[in-house]
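The values are calculated or read from the model by the stated rules, or taken from the named source; none is laboratory data. Computed from a predicted model, the values in this text were never measured in an experiment. Because the Cβ atoms are built from the backbone with ideal geometry, glycine has one as well, and the counts that use them run over all protein chains shown. Heavy atoms of the whole protein, side chains included, go into the accessibility calculation; ligands, DNA and RNA do not. Shrake-Rupley method; radii C 1.70, N 1.55, O 1.52, S 1.80 Å.
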Amino acid sequence: MRGRYPTDEIPRWLPARRSARFAGRSAPAPVARRRAPSASAALASLEGVEIRLFGDPVLRSKAAEVTQIDGSVARLCDGMFTTMYAARGIGLAAPQVGVRKRLFVYDEPETCGRGVILNPVLADSDGTWMFEEGCLSVPGYSWQIERPRRVALSGIDLNGNEVTVEADDLFARLIQHEIDHLDGVLLTERLD
Ligand code: ZN
């Protein structure tokens with residue numbers, strides 16, 4: 001999920017932020033903006049992991065459970081963190097870098113800090129919260145999207161230990177956004 005930052009800190013290679021609200025589920029404009037996103041993708045690829053953008057089939061496919069935690073998974077996560085920081089994001093799911101595995105990384109210093117969750121399963125949710133949400137795979141756009149305000153999930157960490165997380169507000173939003181990626185769902189499908 002894209003982070004929020006003061007206007008004067010928006011990297012020059014990101015297109016100017018546009019906010020849009022769609023009444024229906026008609027295809028939003030990002031498809032026509034492929035030229036602009038390529039700048040951020042090119043920068044990210046300097047670190048070896050390229051962010052897949054809206055229109056890439058991998059973003060529409062359901063990811064598979066991680067069955068073995070080895071060095072390649074750790075290296076994947078390292079690369080995802082590097083890419084996420086370069087893109088000013090706070091969350092990044094493996095399908096966004098072309099890997100169909102159920103894991104995501106996150107770092108949001110003011111709420112949840114840094115972490116990795118593998119095979120996350122939402123156990124519970126409640127409340128509703130409207131929030132302006134953006135996605136690194138749909139750069140330059142954000143939408144007001146309603147989701148549950150609080151969630152509980154289970155998963156495993158990079159050491160193979162079971163973890164449970166209870167989250168609210170921004171962290172809960174991030175978790176739901178990233179799990180959507182693991183199921184092949186983009187935030188544009190959450191508009192109504
Ligand atoms: Zn996203």
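A simple spin-label model places the labels of Ala64 and Met130 4.2 nm from each other, with each point 7 Å out along Cα-to-Cβ. Here, region 110-192 is characterised by an Rg to Rh ratio of 0.96, where Rg is the alpha-carbon radius of gyration and Rh the Kirkwood radius. The relative contact order of region 79-118, computed from alpha carbon pairs under 8 Å that lie at least 6 residues apart in sequence, is 30 percent.
Using 0.36 nm per residue and subtracting the Cα-Cα separation, the extra length available between Leu122 and Ser72 on full extension is 15.4 nm. Label positions at Asp183 and Arg88, each projected 7 Å from the Cα along the C-beta direction, are separated by 3.0 nm. Each Cα pair under 8 Å and six or more residues apart adds its sequence gap; the mean of these over the residue count of region 124-181 is a relative contact order of 28 percent. So, with a 1.4 angstrom probe, what is the percent of accessible area on region 73-143 that is carbon and sulfur? Heavy-atom surface of region 73-143 belonging to carbon and sulfur, 1.4 Å probe: 47 percent.
Taking all Cα pairs closer than 8 Å and separated by 6 or more residues, the relative contact order of region 91-192 comes to 27 percent. Please give the per residue accessible area of region 78-127, computed with a probe of 1.4 Å over protein heavy atoms only, in Å². Result: 38 Å² per residue.
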